[in-house]
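Down below is the structure, laid out as C-alpha cells.
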Amino acid sequence: MEQQYIDLYTAHHESIKKHSAPAMNGLRDASFAQFEKLGFPTVALENYKYTDLKESLSIDYGLNINRIPIPVNPYDVFKCDVPGIHSYLYFVVNDGFYPVTDPRNTQLPDGVIIGSVKEVAATHPELLKDYFGKLSSTKEDGLIAFNGAFAQDGFFMYVPENVVLDKPVQLVNIMRADVDFMAVSHNVIILEKGAKAQLLVCDHTVDEVRFLSNRVTEVFVAENATYEHYKLENTHNKTTNLSTLLIDQDASSNVLANVITLHNGVTRNMIEIDVDGEHCETSLCGMVIGDKNQQVDNFTSIIHNKPNCNSRELFKYVLDDLAKGAFTGKLYVAKDAQKTAAFQTNRNILLKKTAKMRTKPQLEIYADDVKCSHGATIGSLDETALFYMRQRGISADEARLLLMFAFTNDVIENIRIPALQDRIKMLVEKRLRGELSKCEGCVICQ
Amino acid sequence: MLEIKNLHANINGKEILKGLSLSVNAGEVHAIMGPNGAGKSTLSSVLTGNPAFTVTEGDVTFNGKNLLELAPEDRSREGIFLSFQYPVEIPGVSMVNFMRTAVNEHRKYKNLEPMSASDFLRMQREKKELVEMDNKLANRSVNEGFSGGEKKRNEIFQMAMLDPKLSILDETDSGLDIDALRIVANGVNKLKRPDNASIVITHYQRLLDYIVPDFVHVLYDGRIVKSGGKELALELEERGYDWIKQEVDGK
Ligand SMILES: Nc1ncnc2c1ncn2[C@@H]1O[C@H](COP(=O)(O)OP(=O)(O)O)[C@@H](O)[C@H]1O
Ligand SMILES: [Mg+2]
C-alpha cells in the first residue's frame, strides 16, 4: 500500500514542491523519510488498534499534485451559512483554499490574516517559518508523516495580540471529485497574546465517490488567548476522515475543542492538547452519532506540563446497527504539574447489540497534588425512564428520542456560540430521528 | 370501568400476582393496603403495561377494552395514570418538554390539534398551583435533584395535566411530611369527579384520613384477601397484618 505513494513521491516530489510553499517544503523530505520508515499505521500499533485503516487505504485515490483547479463554485453549491450566526465564511475544496469572494470577509479586524498557507507563505513568510510543523514534526506517526510529505496547502489564520474576532470563522471543507480522491492538507492557526477566536470547521462531501482526507491542524494559543474549535462532520459513508488536531496552550489561555460526528464513513480524530503554561482552562468535548457501518475513533490526549491548570474532557457516543466507536482518553500530568484538576468522562449508548464501543482511559499522573478522575460507561437506554415516559402517553419511539437527545445534551451545551448551539441541537435531533441532517439551504447534502 | 379477573403475573419467572380480582367503577376511590412485598406495586406495573412483568393468566378490561393488549402509551392515552412509588429521574429531559410532549400525544390520540404554547403554559400554571409546586421545578430536568416530596407533588401535577379516568397512586404518601401529605391529598381530592376513579395504594392508614376511600382491600401474597369499607383501614392500623396472614395462611 505504501509503495505506490513512495513511488509517487519519488517521481513527483519536484511538482509537489513547486505547487506548494517554501515553509511546507522545508520539512517535506524529512517527512517523506519518516513515512518510508513508519508506513501507514496498522492495528498492530497500540494507538491504532481500534480502527483498521487497511480497507480505506487500499483504494487507488487520485491526488491533485499539480493543483488543477476543481470546477466548482462552493458559493453555488453551499449555502449553509449557519443562519443566525454571522460568520467569516471560507471554503476549502478538497485540499485547496477557495479564493475569497465573500465581501464580509474583507471586514476582518485589523491585523487578522486568513487565507491559504501558500498565500501567506508569500505575503508573511516569517509567520509560517516560526510555526509550521512545530507541533506535528515531532510526532512519530505514519499519517502525520504522510501529511508532511504530500500536503501542499491548507488553511491559515492569524489573530494578532489582543484582537478579538467579533464573529466566528467558518471553514467549510467540501470534497468534490469525479474519481476516488485523496485530499491532504495542513492548517495553521495562530492566536497571539490575549487574542480571541472561534473556528467552526464543517466537513461535507458532494460526490458519491470515495474520499480520503488527511488533515493536520496546528493551533498555537498564546498567553491569555481564548480559542474555540468546533468541528462538525457530516459526510457520506464512503469517506475516510483522518484528522490530526494539535493545540499548544500558553499560560492563562482558554481552549475549547468540540468535535461532532453526525454522519460519516470512517473517522479517526487524533487530538492532542498540550498545556504548556500555568492557569490554563481546557475543555475537550465530542459526540458521535453512528449507525449502519460507520466507524469513529477519537484518540485524544491532554498533556498537563505546568501546574494550576484545569481540564475537562467529555465524549458521548450513540451507536446503532453495526457502528463501531472507539475512544481513547490519555491524560498526562507531568511531575511539576501540581494542582492540576482534570476530569474525563466517556459515556456510550449502544442501541443494538451489534454496535460496538471500545473505550480506554489512559491516565499517567506523575504529580502528587492533583485532582483527577475518569469514568467510562457503555450501556443502553434507561428502561425505567422509557417506561416512565410511555406511562405518560409518550410513544416508545419518541421516548427513545428524548432520551438520546438528553444524553447528547451536555456536549451540545459545550458550544459557546448560541446560534450554533441551536443549530446543532436541531441537526442532532433530525439525525436521531433518522432524517438526513443536512444544513438548511445546503444543496450539497440534499 | 376497570375489571380485573384472576390476574396472574410474574417477573423473572417468579409469580407475584396469583389470581387477583378487583372491580372499580366510576366515581369510586379504592384503597389497596397490604404488607411489604405483597404485590401492590406489581399490580400497578401490570395495569400500566410495564414490560418487565409478564401476565400469565387472567383478564383486565378497561372501559370495555382489553387492557392487556394495549401498549403502555395507549393505556395512558386511554386514561390510566400511575403515580409511581419511585418516580424516575430523567437527566437532560426538561419537565416542560416532557409534559408538552405527553399532553400533545394525548391530544393526538383524541384527534385534537397540538396545544398552543400559550394555552399549554396557562394550563401548566393552573395545575402547578393545585399542588403548590415551585415554579422553578418546571424548568428543571424531569425529577432530577427533586426532593422526595417534590417528586410526589410532581406526580400529582402530571396527573392534573393529563386528566386521567383512572389514577393509581402507588405509595404517594411515603416519605411525605404532614404538610406535603395534605397538599398532595388536596390535589387528588380536587381532581376527583363522578366520572373518574382512583386506586390508592398505601400501607399507612394516615393518607386515608385525607383521601377517604369507598372501599378498602387487603392485598396479600398476590391476591385480594379481604375487602371492606373505610373502617377496615382503621382496623388494619390497629391490629397490623398478622391476623390477616393467619386467616389466609391458616386456611
Ligand atoms: N424486579 C424484580 N425481580 C424479582 N422480584 C421482584 C422484582 N420486583 C419485585 N419483586 C418481588 O415481587 C414481590 C412484590 O413486590 P412489590 O409488588 O413491589 O410489593 P409491594 O409494592 O406490595 O411492597 C416482592 O417479593 C419483590 O421482592
Ligand atoms: Mg410497592
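Annotations
- When we screen B:ASP134, B:ASP173, B:ASP163 for residues that are away from chain A (no Cβ under 13 Å) and within 16 Å of the chain's Cα centre (by Cα), the only hit is B:ASP173.
- Some residue of the range B:106-114 being within 15 Å of ligand 2 (Cβ to nearest atom), open to solvent by 30 Å² or more (accessible area, probe 1.4 Å) and modelled with pLDDT of 95 or more: no
- Filtering the range A:248-274 to residues that are in a strand (DSSP E or B), polar (S, T, N, Q) and either open to solvent by 20 Å² or more (accessible area, probe 1.4 Å) or on the phi > 0 side of the Ramachandran plot (or both) leaves only A:ASN254.
Residue by residue, here is whether (1) open to solvent by less than 10 Å² (accessible area, probe 1.4 Å); (2) of a type in the set (Val, Ile, Thr); (3) within 21 Å of A:PRO99 (Cβ to Cβ); (4) modelled with pLDDT under 95 holds:
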{"site": "A:ALA149", "(1), (2), (3), (4)": "yes, no, no, no"}
{"site": "A:VAL164", "(1), (2), (3), (4)": "no, yes, no, no"}
{"site": "A:LYS167", "(1), (2), (3), (4)": "no, no, yes, yes"}
{"site": "A:LEU212", "(1), (2), (3), (4)": "yes, no, no, no"}
{"site": "A:ASN234", "(1), (2), (3), (4)": "no, no, no, yes"}
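- Elements of type strands (runs of 3 or more DSSP E) contained in the range A:297-351, each with 2 or more residues being open to solvent by 10 Å² or more (accessible area, probe 1.4 Å), farther than 19 Å from A:ALA251 by Cβ and of a type in the set (Lys, Arg): A:324-333
- The range B:208-219 residues that are away from every other protein chain (no Cβ under 14 Å), paired with ones that are within 16 Å of ligand 2 (Cβ to nearest atom) and acidic (Asp, Glu) (beta carbon under 8 Å, 6 or more apart): none
- Of all residues making up the range B:40-67, the number that are open to solvent by 20 Å² or more (accessible area, probe 1.4 Å) and closer than 18 Å to B:GLU3 by Cβ: 9
- Yes/no for B:VAL218 being more than 15 Å from the chain's Cα centre (by Cα) and open to solvent by 10 Å² or more (accessible area, probe 1.4 Å): no
- Residue list for the range B:31-61, restricted to those being under 17 Å from B:LEU166 (Cβ atoms), away from ligand 2 (no atom under 16 Å from the Cβ) and out of contact with any helix residue (DSSP H, G or I) (no Cβ under 6 Å at 6 or more places or on another chain): B:ASP59, B:THR61
- One residue alone among A:ALA419, A:ALA396 is at pLDDT 95 or above and open to solvent by 10 Å² or more (accessible area, probe 1.4 Å), and that residue is A:ALA396.
- Test result for B:SER41, near ligand 1 (Cβ under 9 Å from one of its atoms) and free of Cβ contacts under 8 Å to residues at least 40 places away in the same chain: no
- The lone exception for B:GLY27 - which of (1) of a type outside the set (Val, Ile, Thr); (2) surrounded by 21 or more Cβ atoms within 10 Å (Cβ to Cβ); (3) away from ligand 2 (no atom under 16 Å from the Cβ) it fails: (2)
- Complete set of residues in the range B:164-199 that are over 15 Å from B:TYR86 (Cα atoms) and within 16 Å of ligand 1 (Cβ to nearest atom): B:ILE199
- Across the range B:99-131, the qualifying residues are those that are assigned to a helix (DSSP H, G or I) and more than 14 Å from B:MET161 (Cα to Cα), and the one among them that is nearest to the other protein chains (Cβ to nearest Cβ) is B:TYR109.
- Some residue of the range B:226-235 being buried (at least 19 other Cβ atoms within 10 Å of the Cβ) and part of a helix (DSSP H, G or I): yes
- Just one of (1) within 16 Å of ligand 1 (Cβ to nearest atom); (2) assigned to a loop (DSSP other than H, G, I, E, B); (3) within 14 Å of chain A (Cβ to nearest Cβ) fails for B:TYR204. It is (3).
- Residue in the range B:3-15 that is in contact (Cβ under 8 Å) with a residue 60 or more places away in the chain and either within 15 Å of ligand 2 (Cβ to nearest atom) or in contact with a helix residue (DSSP H, G or I) (Cβ under 6 Å, 6 or more places away or on another chain) (or both) present: no
- Condition met for A:PRO41 (at negative phi and open to solvent by less than 40 Å² (accessible area, probe 1.4 Å)): yes
- Within the range A:1-25, considering residues that are open to solvent by 40 Å² or more (accessible area, probe 1.4 Å) and in contact with a Phe, Trp or Tyr (Cβ under 8 Å, 6 or more places away or on another chain), the one farthest from A:VAL120 (Cα to Cα): A:MET1
- Qualifying residue in the range A:356-372 (condition: within 19 Å of A:ASN258 (Cβ to Cβ), within 14 Å of another protein chain (Cβ to nearest Cβ) and touching a strand residue (DSSP E or B) at 6+ places or on another chain (Cβ under 9 Å)): no
- Residue within the range A:107-115 that is part of a strand (DSSP E or B) and surrounded by 19 or more Cβ atoms within 10 Å (Cβ to Cβ) present: yes
- Hits in the range B:145-160 (condition: assigned to a helix (DSSP H, G or I) and away from chain A (no Cβ under 11 Å)): B:GLY148, B:GLY149, B:GLU150, B:LYS151, B:LYS152, B:ARG153, B:ASN154, B:ILE156, B:PHE157, B:ALA160
- Among residues of the range A:373-384 being open to solvent by less than 60 Å² (accessible area, probe 1.4 Å) and closer than 26 Å to A:LYS324 by Cβ, the one that is farthest from the other protein chains (Cβ to nearest Cβ) is A:ALA376.
- Given (1) open to solvent by less than 50 Å² (accessible area, probe 1.4 Å); (2) over 31 Å from the mean Cα position of the chain (by Cα), index of the condition A:ASP368 fails: (1)
- Checking each residue in the range B:59-84 for being of a type outside the set (D, E, K, R), more than 12 Å from chain A (Cβ to nearest Cβ) and not in a strand (DSSP E or B) picks out B:ASN63, B:GLY64, B:LEU67, B:LEU68.
- Residue in the range B:130-147 that is within 16 Å of ligand 2 (Cβ to nearest atom) and touching a strand residue (DSSP E or B) at 6+ places or on another chain (Cβ under 6 Å) present: no
- The range B:69-93 - residue that is away from ligand 1 (no atom under 16 Å from the Cβ) and open to solvent by 50 Å² or more (accessible area, probe 1.4 Å) and, of those, modelled with the lowest pLDDT: B:PRO91
- Hey, A:THR408 within 28 Å of A:TYR50 (Cβ to Cβ), within 14 Å of chain B (Cβ to nearest Cβ) and either at pLDDT 95 or above or surrounded by 22 or more Cβ atoms within 10 Å (Cβ to Cβ) (or both) or not: yes
- Residue in the range A:121-169 that is farthest from A:LEU53 (Cα to Cα), counting only those that are assigned to a loop (DSSP other than H, G, I, E, B) and hydrophobic (A, V, I, L, M, F, W, C): A:VAL163
The values are calculated or read from the model by the stated rules, or taken from the named source; none is laboratory data. Everything quoted here is computed from the prediction, not taken from an experiment. Here the Cβ is made from the backbone with ideal geometry for all residues, glycine too, and neighbour counts use every protein chain on show. All accessible areas refer to the heavy atoms of the entire protein, side chains included, with ligands and DNA or RNA removed. Shrake-Rupley method; radii C 1.70, N 1.55, O 1.52, S 1.80 Å.
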